[in-house]
Structure formats: structure tokens, C-alpha cells
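One structure is given below, encoded as C-alpha cells.
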């Protein structure tokens, strides 16, 4: 195993401390958010599977991504951080992972767990994966079942949940697979395993999910194409395996999902005017922007760069009087992580905002439908809960607040609660700020820089 003393990042949020927010001045200024979490995971993994040294600029140094880096180092990959400028990955090539000497602990990182299952399955090694209580409660069957079809052996004491053991085949079987539920993580796991397969791996989706993996595979020189049948709407991804990946330089854009919390704050607090610079605006990630514009949000894009790898732009947003809408269910793959913060925004809109067709949220770090409903009801916001979604009755008034919200080990619930507190008379507190560092290190500092009244105590 090859390691680096620089592999660990440091969070600026106090571990196991409460965090509170309350109504204050406007949200304003120009700011950047940390690198995209989804892209950071993929950059580390694909850099590890290339032959040679890959440089990554702007890597997110949150707990989830660091867990991926640590796991890859256990698999024999040398990963180094060079001051505060970039990271280098000394790739071992397709099929080049070493058998790890210890269990790979992925903490709360669901993306890391599912993608690494695929990457490990492309190697004739045995590895065991585990995580924290939250991750070990999440279903993994939708990943393990197709990996079994590709020849992987899966061992699990608890059906379809971590901890899980994986034994990769000597040669993965190329398959054609229809995704029943759009999932970029499942698709990515199959593509990563397929890199070692002697033939073509074909994945069909009824609704196209995030394409970060496909875009990055092209940048690393993989033989991959994606096409959409305009009659049926089926999106098909085709990968020809056993082509070595070439090292490259990756510039990770700002994370739109992290930016969404800042966007929400600016929309909800009067007299706010904020610009968030260099944010990734992949069309399969920004369903929230379309939704907010339909609600009447004052949002504009500037300095747009339509890079083939990942498009970026500066996002400017100002306080807006919003109206409730029915969010199209088919938009959910483009904004699946943004529903908790959308519900918070909807609490400040006039009328009802309905979000249906999102039962997937019950299988995230927490049951995000119930957690979001409880968060809003704690501030006397009227919410209807359904098995597959919720409807928020907004009132465009300063909220009561005064509640203590359990984060349930879920970073997005924690941050959504803090943003809601910025529109609350008595403020809102969360019981544990630690989960926030999984995706948004520096959250508190950034929010304070743009005028938010946020404070923590241990």
C-alpha cells in the first residue's frame, strides 16, 4: 500500500457541535464554493485507473472524497497533495489494484461505496467495504446485482447492505443492462467494471442520469459513446473495455449542489444580491435552476464556459418574491439532491409547491422526505407528506423558528435547516454540525463571508 501524509483534509466545522442561524442582514458579495463532490470522486478513481500521473485542481477536500482517496491508497495507488494547489494520482492502470490488507471504511460516502464496488470488480482481488451507521443502512442491491452478472462475487451478512465483500473475476463479462431507476452511481459502477471487460458494455436508461462519468472517461481517452433514441427517449451508453486510460489534468468546478444553499439564502433574505463564481452547470445537474426560474427567481448566468468536459458559469441571484409550482417528476434525476433545500425555499413562496415522484429520497443518508417534512413543521410550516414526495404551503413571512433539528447524519438536512434559520425570528439550531463536512468543508466561513448570522458551540 502506498500512502501520503498529505492525504487527509481538515474541516473547519467543529465536530459533534451544534450549529445555529438566525435572521440578520442581506446575503451579498462574490464567493466561490468548494469543488464538485461527484466529479472529485470520479477524478480520483479514474486517475487511479489510468497509466501515469494525473493532476487534479480544485478537488473537494470533504470527508466523503477523502474517504475515496484513503480507500484508493489501500488499493495500492499513490495519492499526494501538493500544498494548496493540486493533487497527483499515480495511476496503476486498468486491473492494477492491489488486494487491500484491511477493510475499506468509507464513512458516510455512498458515492464512494457504489463506484468503488464497480472499480474493484474489474480486478481479480478480494476487498471488504464498510461505512458508518448511516451508510450501512442504505441499500446496495441495485449495484451488486448487475455486478454479479458481470462475474463479481458479492458477500454480505446483511442482505444488500454494507459491510460487503467483493471478489472480482479474472475477466469481467461485458453485459447489456437496463437501469430500472435512473442512477448515475449504478451506471458508473458498471462502466468502471466494464473498463476491464473484453467487449462492449451497454447501459440503457429511460431517463438519462448525471453524465459526469461518461464525460470524464472521454477526457481520459476511453472508447465510450452516449446516444439518445428520440422516438423512445432511451439513453444508451456504450463502452468498449480493455483500452488503457491516459493520464490527464482535471479542473474540478464548484459544486452546484453546495451552491444551491447559497442561492436559497439569497432568494429568501430581503435585499440580498449574490454572485457565486465558477460553478458547474452540467445540464443534468441544474434542474433546480429551471425550477426556481419557474417560481419567479431572479437568477442569471455570466462568464459561461461551454467546456466539453464540464461547463461552468458565474451564478448571480437576488432576493425574489416566489410563487409555488408543481415540480415535474421527470426532472428529479437532474435535482435529486436539491429537494430538501427546494422545500426550504418553497416555504417562503406564495402558494403550494408540490414535489412528487421522488421516493428515492427515502433511501438517502436519511429518509429525506420525512426529515424535510419534520424540519419545516418544526417552524409551523404546513406540509403534506406523501409516500413519494411532499407539498409545501408557503406563506412568504418571517418564520417562528426556535427549534433544534436532528441532522440524522445527513449533511443536506443540516445545511437546509441552517438556511431556513436565516428566515426565522428565533433562529434554528442543528444538533450536530459534523455531517456538513462530508460535502461542504468551510460552509460556516463561506456563509459568514456573505453576511449570514451563523454561530457554533461545542
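When the range 154-175 is filtered for residues that are out of contact with any helix residue (DSSP H, G or I) (no Cβ under 9 Å at 6 or more places or on another chain) and part of a strand (DSSP E or B), the ones remaining, listed by number, are 155, 165. Considering (1) within 20 Å of residue 208 (Cα to Cα); (2) surrounded by fewer than 16 Cβ atoms within 10 Å (Cβ to Cβ), the lone condition that residue 273 does not fulfil carries the number (1). Taking the listed residues 96, 91, the one that is more than 18 Å from residue 437 (Cβ to Cβ), part of a strand (DSSP E or B) and either touching a helix residue (DSSP H, G or I) at 6+ places or on another chain (Cβ under 8 Å) or free of Cβ contacts under 8 Å to residues at least 40 places away in the same chain (or both) is 91, with no other qualifying. Among the residues that make up the range 63-72, is at least one of them surrounded by 21 or more Cβ atoms within 10 Å (Cβ to Cβ), out of contact with any strand residue (DSSP E or B) (no Cβ under 7 Å at 6 or more places or on another chain), more than 16 Å from residue 128 (Cα to Cα) and without any contact (Cβ under 8 Å) to a residue 60 or more places away in the chain? There is at least one residue in the range 63-72 that is surrounded by 21 or more Cβ atoms within 10 Å (Cβ to Cβ), out of contact with any strand residue (DSSP E or B) (no Cβ under 7 Å at 6 or more places or on another chain), more than 16 Å from residue 128 (Cα to Cα) and without any contact (Cβ under 8 Å) to a residue 60 or more places away in the chain. Within the range 151-167, if we keep just the residues that are out of contact with any strand residue (DSSP E or B) (no Cβ under 8 Å at 6 or more places or on another chain) and surrounded by 15 or more Cβ atoms within 10 Å (Cβ to Cβ), the residue that is modelled with the lowest pLDDT turns out to be 160. Every listed requirement among (1) closer than 30 Å to residue 302 by Cα; (2) in a strand (DSSP E or B); (3) not assigned by TED's automatic domain parsing to the domain that holds residue 301 is met by residue 278 save one, (3). For the range 391-416, filtered to residues that are surrounded by fewer than 24 Cβ atoms within 10 Å (Cβ to Cβ) and either within 20 Å of residue 295 (Cβ to Cβ) or assigned by TED's automatic domain parsing to the domain that holds residue 134 (or both), the residue that is modelled with the lowest pLDDT is 396.
Does residue 334 fit the bill of being over 21 Å from residue 43 (Cα atoms) and modelled with pLDDT of 95 or more? No. Annotation: residue 315 fulfils all but one of (1) part of a helix (DSSP H, G or I); (2) under 25 Å from residue 449 (Cβ atoms); (3) in contact with a helix residue (DSSP H, G or I) (Cβ under 7 Å, 6 or more places away or on another chain); the unmet one is (1).
Of the residues making up the range 434-450, those that are more than 18 Å from residue 257 (Cβ to Cβ) and in contact with a helix residue (DSSP H, G or I) (Cβ under 8 Å, 6 or more places away or on another chain) number 0. Filtering the range 212-228 to residues that are surrounded by fewer than 21 Cβ atoms within 10 Å (Cβ to Cβ) and part of a loop (DSSP other than H, G, I, E, B) leaves only 221. For the residues 342, 288, the requirement of being assigned to a helix (DSSP H, G or I) and within 21 Å of residue 21 (Cα to Cα) singles out 342.
The values are calculated or read from the model by the stated rules, or taken from the named source; none is laboratory data. Just so it is clear, the structure is predicted and the values come from calculations on it, not from any experiment. Don't worry about glycine lacking a Cβ; one is built from the backbone with ideal geometry, like all the others, and counts go over all protein chains shown.
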